[in-house]
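The values are calculated or read from the model by the stated rules, or taken from the named source; none is laboratory data. If you're wondering where the values come from, they're calculated on a predicted model, not measured in any experiment. Every residue, glycine as well, gets a Cβ built from its backbone with ideal geometry; the counts of neighbours run over all protein chains shown. For accessibility, only protein heavy atoms count, side chains too; no ligands or nucleic acids. Shrake-Rupley method; radii C 1.70, N 1.55, O 1.52, S 1.80 Å.
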Amino acid sequence: MPPKPEWRRMTTAPQTIDRVWLRHPTLGTILAEGRAGRWYYPNASGQVWRWYRSEAGLEPFEGWLPFEALAPEAVSK
């Protein structure tokens, strides 16, 4: 079994990225898109969840990983 990647601090997350894994305390691991000032997460029902980034570091995420770090099967349901 390969070692589990270490989650990175949100303060180091890139501002613009097409695919990134985010760790949310209630949603689990989600595949999101990063744009200047926002995170987007399209869910299975076609809704798009959006979170605004906070300069005070109050984002609802515990960490991030580059897309390549996890296989798509790793997403928690």
## Note on the structure
So, first residue part of a loop (DSSP other than H, G, I, E, B) in the stretch 11-38, second residue open to solvent by 80 Å² or more (accessible area, probe 1.4 Å) and aromatic (Phe, Trp, Tyr), Cβ within less than 9 Å, six or more apart or across chains; the pairs are LEU27/TRP49; GLY37/TYR52
### Query
So LEU65 clears everything in (1) in contact (Cβ under 8 Å) with a residue 24 or more places away in the chain; (2) open to solvent by 30 Å² or more (accessible area, probe 1.4 Å) except one condition, right? Which one?
(2)
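For every residue, the table says whether it meets (1) modelled with pLDDT of 85 or more; (2) of a type in the set (Asp, Glu); (3) at positive phi.
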position	(1), (2), (3)
ALA13	yes, no, no
VAL20	yes, no, no
GLU33	yes, yes, no
PRO42	no, no, no
PRO66	yes, no, no
ALA74	no, no, no
